[in-house]
Amino acid sequence: MSYFEILELNKEPFSTSPDPFFFYRSSAHETAMKRLEIAIRLRRGLSVIMGDVGTGKTTLGRTLLQSFNGEDDYVFHMILDPTYKSEFQFLASLTKIFGVSPNFRSTLDYKDAIEKYLFQKGVDEDKTIILLIDEGQKLTPTFLEILRTLLNYETNEFKLLQLVILAQMEVLPKLKRINNFFDRVTLKYIINPLDEKETEDMIEYRLKQAGYNGGNRLFSNGAIKMIYDHTMGYPRKIAVLCHNALEELVMKDKKIIDESLMVKIIRDEVV
């Protein structure tokens with residue numbers, strides 16, 4: 001029998017890929033999603049979502065994008081890693097992302113081309129343009145200044161660019177050092193790790209999404225408590241540990257992941 005057949009699954013439940021299908025909406029993630037959607041629909045401008053490594057920011061971004069599927073008036077653009085060597089390279093990347101071609105290759109021409117694109121799309125075509133930047137803590141002061149300039153483009157009623165920055169907590173002092181950028185943040189939200197109950201709910205949700213409908217639980221209460229204590233509620237760490245636990249369950253031909261099994265798995269992970 002295959003791995004999936006033994007576990008009565010259709011898919012891998014604990015992949016660390018940012019798949020919206022497995023996105024568990026904790027209280028914090030649900031709040032972030034709803035507030036982001038409101039900010040985008042009202043065209044308020046700059047939103048910053050922060051959280052430590054492994055709290056689910058990237059998956060939240062992909063889920064946000066998916067939630068606007070089929071709405072042609074909303075145009076999403078995404079930067080997965082804003083690591084560029086220079087201001088010119090960053091601007092060149094933005095023009096490529098927006099699909100515009102400046103007549104000349106200079107920073108001023110690139111800025112003018114982006115401005116024309118935003119006014120054409122936002123005013124002439126009445127579309128909402130969203131730029132979502134993941135790993136936002138990598139943005140340099142120079143790049144933040146460029147983004148600040150883009151946020152200046154507006155009508156009397158709304159901002160022409162909706163900028164969503166997903167970043168680790170270290171981005172906060174960077175933003176605060178640029179007063180006229182930080183003042184433009186209309187939504188600032190921090191995603192914290194899950195609590196113990198949410199950890200259990202995330203595990204059960206992912207198993208259900210993967211097709212598990214067995215009558216018996218795969219994780220005992222004691223095992224879930226150990227998972228929470230070891231991971232401190234960080235979704236990525238939970239996914240990795242649970243995947244290792246399922247592998248061990250299959251290898252040892254067990255029926256349930258209990259505390260004794262978790263002791264070995266955690267010990268092996270630490271070594």
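Values computed for the structure shown
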| read-out | value |
| --- | --- |
| Under the Karplus curve 6.51 cos²θ - 1.76 cosθ + 1.60, θ = phi - 60°, whole-Hz ³J(HN,Hα) for the range 182-197, x wherever Gly or Pro sits | 4, 5, 8, 5, 9, 9, 10, 9, 10, 8, 9, x, 6, 8, 5, 5 |
| Long-range amide H partners of Glu154 with built H, under 5 Å | Leu160 |
| Label-point separation in nm, Met78 to Asp201, each point 7 Å along Cα→Cβ | 2.5 |
| Long pairs among Lys34/Lys116; Lys57/Lys96; Lys138/Lys188; Lys127/Lys174; Lys11/Lys138, criterion Cα-Cα beyond 27 Å | Lys34/Lys116; Lys127/Lys174; Lys11/Lys138 |
| Additional length obtainable on full extension of the chain from Met169 to Ile38, 0.36 nm per residue less Cα span | 44.9 nm |
| The chain shape via C-alpha gyration tensor axes, a/c threshold 1.5 | prolate |
| Cα→Cβ-extended label distance, 7 Å offset, between Ala92 and Asp109, nm | 1.2 |
| Mean Cβ count within 10 Å, highest first, over the residues of peptides 80-92, 120-132 | 120-132, 80-92 |
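We did not get these values from a lab; they are worked out from the coordinates using the rules stated. Model, not experiment: these values are computed from the prediction. Cβ coordinates were reconstructed from backbone atoms using ideal geometry, including for glycine residues, and neighbour counts include every protein chain displayed.
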